[in-house]
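The values are calculated or read from the model by the stated rules, or taken from the named source; none is laboratory data. Values in this document were obtained by computation on a predicted structure and should not be read as measured data. Note that each Cβ is placed from the backbone with ideal geometry, even for glycine, and that neighbours are counted across all protein chains shown.
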């Protein structure tokens, strides 16, 4: 079996903190069953924009042994989104302008995966595609029985961590045709009074995609090491032993992030961010002085 495993969005946001969990609990499990796994990365390059008040290191992407790599600058993508949303793009009432913009950026990033796997499948055939958010820390192992069920019976699987108004976003696997339909929902996006998760449900419903939930649990890790277990920390869909392991994993991750990652990694990046801001401020003052002198002359 050939699988293409896809990561999308602002890859260096927290990939150094999440990659080992993704690799150990998904990719290596597949490889242990003699499944070939190629990796595709679409990076939304934020350049020098701070994310979670942190200046990202684009070189962090190199931790991923990717087969295919594409990226676009976020500034360019924002122009594309602006044109698409010229008449407005709306979500639920609690989505402010920033939340809405980030949602549209994610929709576009998922669209880029759909576009890529549709094209590459004409060159190299893949039996299934996996999609995972790069800031998802995978807390438990994927079930091979779910993977085989997806392949043999044409089911598209999603996680069920935070279904909210629809179906949890950011972790899916299934056959290429159905995955393309789901991932390219950016093309037929319509404003609603629902959340981002609703766009997943709507696509699965509209395209009559056969769907099941998997048991994978993921935590969202931000660049500043803030850990979020969305959806109310539900474990009612896994057995008791697995639930206890996931809770322990969450506790360990939070302690590790607070004690080690933030103090050693986050502070260094934060200091670099402050230095850059100070340098820019000094340059602005210098330019202002020079302009003032020229005007006097």
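The table that follows gives values for the structure above.
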quantity	calculated
Where residue 107 falls short, out of the listed (1) surrounded by 19 or more Cβ atoms within 10 Å (Cβ to Cβ); (2) in contact with a strand residue (DSSP E or B) (Cβ under 9 Å, 6 or more places away or on another chain); (3) within 27 Å of residue 13 (Cα to Cα)	(2)
Which numbered condition residue 26 misses (of (1) under 15 Å from the mean Cα position of the chain (by Cα); (2) crowded, with 21+ Cβ neighbours inside 10 Å; (3) under 29 Å from residue 245 (Cα atoms))	(1)
Any hit, region 32-46, residues being exposed (fewer than 15 other Cβ atoms within 10 Å of the Cβ), modelled with pLDDT of 95 or more and under 16 Å from the mean Cα position of the chain (by Cα)	no
Any helices (runs of 4 or more DSSP H) falling wholly within region 1-110 and containing at least 2 residues that are more than 24 Å from residue 126 (Cα to Cα)	15-22, 74-84
Residue 124 being surrounded by fewer than 22 Cβ atoms within 10 Å (Cβ to Cβ), touching a strand residue (DSSP E or B) at 6+ places or on another chain (Cβ under 9 Å) and at pLDDT below 95	yes
Hey, residue 116 surrounded by 18 or more Cβ atoms within 10 Å (Cβ to Cβ), touching a residue at least 12 places away in the same chain (Cβ under 8 Å), touching a strand residue (DSSP E or B) at 6+ places or on another chain (Cβ under 7 Å) and within 22 Å of residue 33 (Cα to Cα) or not	no
Some residue of region 259-277 being closer than 27 Å to residue 56 by Cα and modelled with pLDDT of 90 or more	no
Count - residues of region 35-49 that are touching a residue at least 60 places away in the same chain (Cβ under 8 Å) and closer than 16 Å to residue 78 by Cα	3
Test: residue in region 73-95 that is touching a strand residue (DSSP E or B) at 6+ places or on another chain (Cβ under 6 Å), surrounded by 15 or more Cβ atoms within 10 Å (Cβ to Cβ) and touching a residue at least 24 places away in the same chain (Cβ under 8 Å)	yes
Residues that are part of a helix (DSSP H, G or I) and under 19 Å from the mean Cα position of the chain (by Cα), drawn from region 111-134	111, 112, 113, 114, 115, 116, 117
Hits in region 154-179 (condition: within 11 Å of residue 203 (Cα to Cα) and within 17 Å of the chain's Cα centre (by Cα))	167, 179
Selection count where residues are exposed (fewer than 14 other Cβ atoms within 10 Å of the Cβ) and assigned to a loop (DSSP other than H, G, I, E, B), scope region 234-248	2
Residue in region 135-143 that is over 19 Å from residue 25 (Cα atoms), in contact with a strand residue (DSSP E or B) (Cβ under 7 Å, 6 or more places away or on another chain) and either without any contact (Cβ under 8 Å) to a residue 24 or more places away in the chain or not in a helix (DSSP H, G or I) (or both) present	no
Total residues in region 190-216, condition part of a loop (DSSP other than H, G, I, E, B), in contact (Cβ under 8 Å) with a residue 40 or more places away in the chain and surrounded by fewer than 17 Cβ atoms within 10 Å (Cβ to Cβ)	4
